[in-house]
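**Q** Below is the structure I would like to discuss, written out as structure tokens.
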């Protein structure tokens, strides 16, 4: 007697199940299609880093600059508190280097093969950090065209993300200066060795008074006075255009300037002693030379920090 009603109810249940199944299938297909067209934020960031940063900080390099060679490893990158503070780009050194107002410290450097980052690429990195700097993300990338120079970067909600402006792109340096800077590591070892050899020879001469030592140290001092300014100029080019930055670079550059002054002063005092024969002048020459020897060692240390990292002397 209730069979028709039961059948009607059963058909209603079946129909409802069909509709639910179609709805779930539609949601699944829509999500699949949407994800197919939506760019993965982390993958887009990797593309930017590969194009603009891997030249100096890629894992393929035997000696990446600053011992930072994992720019394409987002997991290792996000776990380094010295570089990234997840969800806070304004406290993340990685991001701050991209928007530094000083072209000397802004990354990538003007001479980089991939060029400096565009405003759109900088905004992409900022959003990645704001989203938590996850190594794998499903957040869609919705970037506009590059913001004009001086405009603030906007977040996903359209609100400004703070008083961060896109720095104006630096003009690429003359290619000849970039090329000359590459000779700094080759040239700089000449004056370093000459100054150290002269300092040792002066110490030995102090006890033996042998003429041969005096002649040898004179040659080293005069040769160093010629080579030190050349090495310093080439080093300045390398520091400007090779992508180094930070306090070690500043110290290395200005200690280098001091070494040039000391090398020239040592040469002047040494020749003055040979003209005058004054023991006081010889003492001034000696202490200037020894100070120069210490200074080139300190400057060389900071050069090693730039190339190999702050722990380059630790076994």
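The numbers here are math on the coordinates, done by the rules we state, and not lab data. Just so it is clear, the structure is predicted and the values come from calculations on it, not from any experiment. Please note: Cβ atoms are built from the backbone with ideal geometry, for glycine as well, and neighbour counts cover all protein chains shown.
**Q** Can you give the FRET efficiency to the nearest 0.05 for residue 219 and residue 247, using r as the Cβ-Cβ distance and R₀ = 51 Å?
**A** 0.90
**Q** Could you calculate the FRET efficiency of residue 254 with residue 134 from 1/(1 + (r/R0)^6), where r is the beta carbon distance between them and R0 is 35 Å, rounded to 0.05?
**A** For residue 254 and residue 134, the calculated efficiency is 0.30.
**Q** Per 0.36 nm of contour for each residue apart, how much would the distance between residue 175 and residue 73 grow if the chain were fully extended, relative to their Cα-Cα spacing?
**A** 33.6 nm
**Q** Please give the length that would be gained between residue 200 and residue 314 if that part of the chain were fully extended, namely 0.36 nm times their separation in residues minus their C-alpha to C-alpha distance (nm, one decimal).
**A** Length gained, residue 200 through residue 314: 38.4 nm.
**Q** Show me the ranking of peptides 231-238, 70-77 by mean Cβ neighbours inside 10 Å, starting with the highest.
**A** The peptides rank, most packed first, as 231-238, 70-77.
**Q** Ok, one more. Take residue 212 and residue 59, extend 7 Å from each Cα along the Cα→Cβ direction, and tell me the distance between the two endpoints in nm.
**A** Result: 5.6 nm between the two label points.
**Q** Going by how many other Cβ atoms sit within 10 Å of their own, how do 301, 57 line up, fewest first?
**A** Fewest-to-most ranking of 301, 57: 301, 57.
**Q** With each pseudo-label sitting 7 Å past Cα toward Cβ, what's the residue 183-residue 268 distance in nm, one decimal?
**A** 2.7 nm
**Q** Take the Cβ-Cβ distance between residue 276 and residue 307 as r, set R0 to 41 Å, and report the resulting FRET efficiency rounded to the nearest 0.05.
**A** 0.45
**Q** OK, next. Length gain on complete extension for the stretch residue 93 to residue 113, per 0.36 nm per residue less the alpha carbon to alpha carbon distance?
**A** Here the answer is 5.0 nm.
**Q** If you take the square roots of the eigenvalues of the alpha-carbon gyration tensor of the stretch 175-308 and sort them as a ≥ b ≥ c, do you get rounded (a/c under 1.5), prolate (a/b over b/c) or oblate?
**A** Cα axes put the stretch 175-308 in the prolate bin.
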